[in-house]
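The values are calculated or read from the model by the stated rules, or taken from the named source; none is laboratory data. Given the structure is predicted, the values throughout are model-derived calculations rather than measurements. Virtual Cβ from ideal backbone geometry, glycine too; neighbours counted across all protein chains shown. Note: areas computed on protein heavy atoms with side chains; ligands, DNA, RNA excluded. Shrake-Rupley method; radii C 1.70, N 1.55, O 1.52, S 1.80 Å.
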Amino acid sequence: MVELCNRILENHSLKIVLCGFGADNNICKEIIDKLQPKFKKQVINLCSKIIGFRKLAVFIAQSKLLVSTDTVCIHLASALKVPQVQLFGPTNP
C-alpha cells in the first residue's frame, strides 16, 4: 500500500485519505510513516474519525477514486459511481 500511495502521489496531483476503524489505525499510521517524506503532507489520516454510514457515503461520493479491500466502501463507491480499485490478497481463515 505504501508503494501504491507513493506512485499515486508522484504521478497525480491528489490527496490521499486513509480510512478505517479500530486496529486499522496502526496500519494507517504505519503507511504514513513509510511514505516518502515529500508526500506525507498530502495524506490525511481519518481512521476512526468517520463515524456512521451516511458520513462515509458522503465522503466516498466526493472522492475521485477509491482504493480498498473487499469492504462496504467498495460497494458504496460502486453504487455512487465512484471509480474504484479493489485489492484482494491472502486471508487467514
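Summary table
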| item | result |
| --- | --- |
| Count of the stretch 46-93 residues which are basic (Lys, Arg) and either touching a His at 6+ places or on another chain (Cβ under 8 Å) or under 19 Å from Leu14 (Cβ atoms) (or both) | 2 |
| Residue that is nearest to Asn6 (Cα to Cα), among those in the stretch 22-48 that are exposed (fewer than 12 other Cβ atoms within 10 Å of the Cβ) and out of contact with any helix residue (DSSP H, G or I) (no Cβ under 9 Å at 6 or more places or on another chain) | Pro37 |
| Where Ser13 falls short, out of the listed (1) assigned to a loop (DSSP other than H, G, I, E, B); (2) surrounded by 14 or more Cβ atoms within 10 Å (Cβ to Cβ) | (2) |
| Subset tally (residues that are outside any loop (DSSP other than H, G, I, E, B), among the hydrophobic types (A, V, I, L, M, F, W, C) and under 11 Å from the mean Cα position of the chain (by Cα)) for the stretch 37-48 | 2 |
| Pick from the stretch 75-93, criterion touching a helix residue (DSSP H, G or I) at 6+ places or on another chain (Cβ under 7 Å) and open to solvent by 40 Å² or more (accessible area, probe 1.4 Å), ranking: nearest to Asn25 (Cα to Cα) | Gln86 |
| In the stretch 49-74, the residues that are within 16 Å of Gly20 (Cβ to Cβ), open to solvent by 80 Å² or more (accessible area, probe 1.4 Å) and either outside any loop (DSSP other than H, G, I, E, B) or not β-branched (Val, Ile, Thr) (or both) | Lys49, Phe53, Lys55, Asp70 |
